[in-house]
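Quick notes on the structure that follows.
Please treat every number below as a calculation from the coordinates, not as lab data. Source: prediction; values computed, not measured. Counting neighbours? That spans all protein chains shown, and the Cβs are built from the backbone with ideal geometry, glycine included.
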Amino acid sequence: MDRKARTRKLQEEDRRYLWHPFTQQRDWVKTDPLIIERGDGVYLEDTEGRRYLDGVSSIWVNLHGHRKQALDRALLAQIKRIAHATMLGLSNVPAIELAKRLVALAPPGLTRVFYSDNGSTAVEVALKMAFEYWQRQNGGFWEKTKFLHLGEAYHGDTLGAVSVGGIPLFHERFKPLLFPAYEAHAPYCYRCPLRLTFPECKLSCADSVEQILKQHHEEIAALIVEPMLLAAGGMITMPQGYLTRLRKLCTRYQILMIADEVTTGFGRTGRMFACEHEGVKPDLMAISKGLTGGYLPLAATLTTERIYRAFLGRYEEFKTFFHGHSYTGNPLGCAVALANLEVLRKERTLFRLQPKIAALQLLLKPLWGDPHVGDIRQLGLIAGIELVRDLATKEPYPLAARVGMRVAEEARRLGLLIRPLGNVIVLMPPLSTTMRELKQMVGIVAKAIRAVTSTGIPS
Ligand SMILES: Cc1ncc(COP(=O)(O)O)c(C=O)c1O
């Protein structure tokens, strides 16, 4: 069968058997899906040999490009030893070695590593640990059963993570299934909920966090937050000092701080972890995505000795943390994560990233002149470009007009794969992207935006 015929057959079978995540299947089955067969560096290659730039790191996971030799080698070496053995009642070599490395890298105070499989499970673990921590305290913290999160927050798709989510489009529908949580204003400067401007606002949006804590801290176990950048909410960057303020409030009102570094971790924002931008030390931290350099699903929840100790006791006291997954601490994932950390260290990835971050800012600059670019938000090698119908009023395009999706479709025609968040065009290339590739990517994004927004968009 030639390549074209094989692709046709695969496309038919995709439409026949698959159900894709975050996808309207009625539209999907009318398309010819792009089927990826290979990858190399920042390029993805389809079944017919066409190459595309991977502009969103395969949904925010890939760090060093595809088919990174050091990671391939680590995986092959581990598979010759063992693919998987349980962590229930046993341990394994890469899981131990990785935990040690993670503790050394993490913000100070995080000394214990609990593995799981993906960003959502890492968040579930953090929520359950935080809740149970208070239940385990002597002297009555029984009421600390609720959580506080920000508007526009996204922490994953499992029900605990959805309960602390703040994106109505994704989360509202499931309300009857969720536990109640408090929501504070998002620090969304472009569409400030208080109609103020930074820095004159003096971070007034954080006052809503304080007000909730003042009134309800006795029933709140923890605040969960994506440090420095609300990713799926639209790449909303936090104003300087906001995260520090949250940390201070958590301490003052005696609630735990959960940092969800699932997307921001491992260099993506220019620092190893986003908390480092403000020297913030969380009580729990969820990591995944970049942990394996984008190779395998692995996650971890890191926490402090104080929280860990709350679960210690005689067997029959059953203070055990009753949580675990079949693939917890999977040796293949841990081995490739170790190799990933080694590449980050050896290749001085973060050091070499800094000029690319500056270059991205320069490359994005001309887009400010586009009549439909309302805001450009950048942190590290992450950029969100918010498109608006009307620049003066900031009137958004209606979601039904699929403007973001149409820009992504145009970019694909030009050789770049991106995935928008509603009207926000996202660029989050692998950290290994070269200056030339970066220039190419931004050039395509600019062209695609122009092509779509200069045509009449239906209401
Ligand atoms: C901040 C954050 N937390 C959690 C998740 C969920 O991770 P996963 O898709 O691996 O479950 C995501 C995914 O995008 C995320 O951005």
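Dividing the mean sequence gap of close Cα pairs (under 8 Å, 6+ apart) by how many residues the chain holds gives a relative contact order of 20 percent.
Loop sites only, by DSSP: take the GluC sites (Glu not before Pro) in the chain that have at most 13 other C-beta atoms within 10 Å and name the longest stretch containing none of them. Write out the running numbers ahead of the final one.
Numbers: sites that count: 48, 143, 200.
Value returned for the longest uninterrupted segment is 201-459.
In segment 307-352, what trypsin sites (Lys or Arg not before Pro) fall in a loop by DSSP, with at most 10 other Cβ atoms inside 10 Å? Don't skip to the end; give the middle numbers.
Working: sites: 309, 314, 319, 345, 346, 348, 352; in loops: 314, 319, 348.
For trypsin sites (Lys or Arg not before Pro) across segment 307-352 that sit outside H, G, I, E and B with at most 10 neighbouring Cβ atoms in 10 Å, the list reads 314, 348.
What is segment 54-181 by shape, rounded, prolate or oblate, if you read a ≥ b ≥ c off the alpha carbon gyration tensor as root eigenvalues and call it rounded for a/c under 1.5, prolate for a/b larger than b/c, and oblate otherwise? Verdict is oblate for segment 54-181. According to the square roots a ≥ b ≥ c of the eigenvalues of the Cα gyration tensor, what is the shape class of segment 224-322, taking rounded for a/c under 1.5, prolate for a/b larger than b/c otherwise, and oblate for the remainder? Here segment 224-322 falls in the oblate category.
What is the mean projected area of the alpha carbon convex hull for segment 193-276, to one decimal in square nanometres?
Values: hull surface 23.4 nm².
With the hull built on Cα positions only, its mean projection is 5.9 nm².
Under 24 Å of direct C-alpha separation, and excluding same-chain neighbours fewer than eight residues apart, residue 319 reaches these lysines: 128, 144, 146. Note on 272, 428: ascending count of other Cβ atoms within 10 Å places them as 272, 428, the fewest first. Loop-located chymotrypsin sites (Phe, Trp or Tyr not before Pro) in segment 118-195 (DSSP state other than H, G, I, E, B) with a sparse environment of at most 16 neighbouring Cβ atoms within 10 Å: 141, 142.
Work out the P(r) tail for segment 88-144: percent of alpha carbon pairs separated by more than 14 Å, whole number.
Details: 1087 of 1596 pairs.
Roughly 68 percent, once rounded to a whole number.
If you wrap the tightest convex hull around every Cα atom of segment 109-217 and split its volume per residue, you get 151 Å³.
Could you give the length gained by full extension between residue 169 and residue 20, i.e. 0.36 nm per residue of separation minus their alpha carbon distance, to one decimal place?
Extra length from residue 169 to residue 20 when fully extended: 51.9 nm.
Applying 0.36 nm per residue to the separation of residue 191 and residue 321 and subtracting their alpha-carbon distance, the gain on full extension is 42.7 nm.
Dipole check for segment 240-392: with +1 at the C-beta of Lys and Arg, -1 at the C-beta of Asp and Glu, and the Cα centre as origin, the magnitude is about 420 Debye. One equal scatterer on each Cα of segment 238-397, no solvent, Debye formula: the resulting log10 I(q)/I(0) at q = 0.11, 0.13, 0.16, 0.19 Å⁻¹ is -0.65, -0.85, -1.10, -1.26.
Calculated on the Cα set of segment 354-414, radius of gyration then Dmax: 12.9, 38 Å. Which entries of 30/439; 289/394; 100/346; 175/281; 202/356 have Cα-Cα distances beyond 24 Å here? Beyond 24 Å between Cα atoms: 30/439; 289/394; 175/281; 202/356.
Give me the number: length gained by fully extending residue 79 to residue 342, i.e. 0.36 nm times residue separation minus the C-alpha to C-alpha distance, one decimal in nm. Write down the numbers at each step before the final one.
On the way: separation 263, 0.36 × 263 = 94.68 nm, distance 1.86 nm.
Here the segment from residue 79 to residue 342 would lengthen by 92.8 nm.
Taking the Cα centre of segment 182-300 as origin and assigning +1 to Lys and Arg Cβ atoms and -1 to Asp and Glu Cβ atoms, the resulting dipole is close to 280 debye. Over the chain, how many percent of alpha carbon pairs lie in each 10 Å bin up to the one with the longest distance? Result, from short to long distances: 4, 19, 30, 28, 15, 4, 0, 0 percent. The fraction of all Cα pairs in segment 124-163 landing in successive 10 Å bins from 0 to the largest distance is 28, 47, 22, 3, given as whole percents.
With the cut-off at 1.5 for a/c, could you classify segment 323-459 from its C-alpha gyration tensor as rounded, prolate or oblate?
Working: a/c = 2.55, a/b = 1.69, b/c = 1.51.
Prolate, because a/c is 1.5 or more and a/b exceeds b/c.
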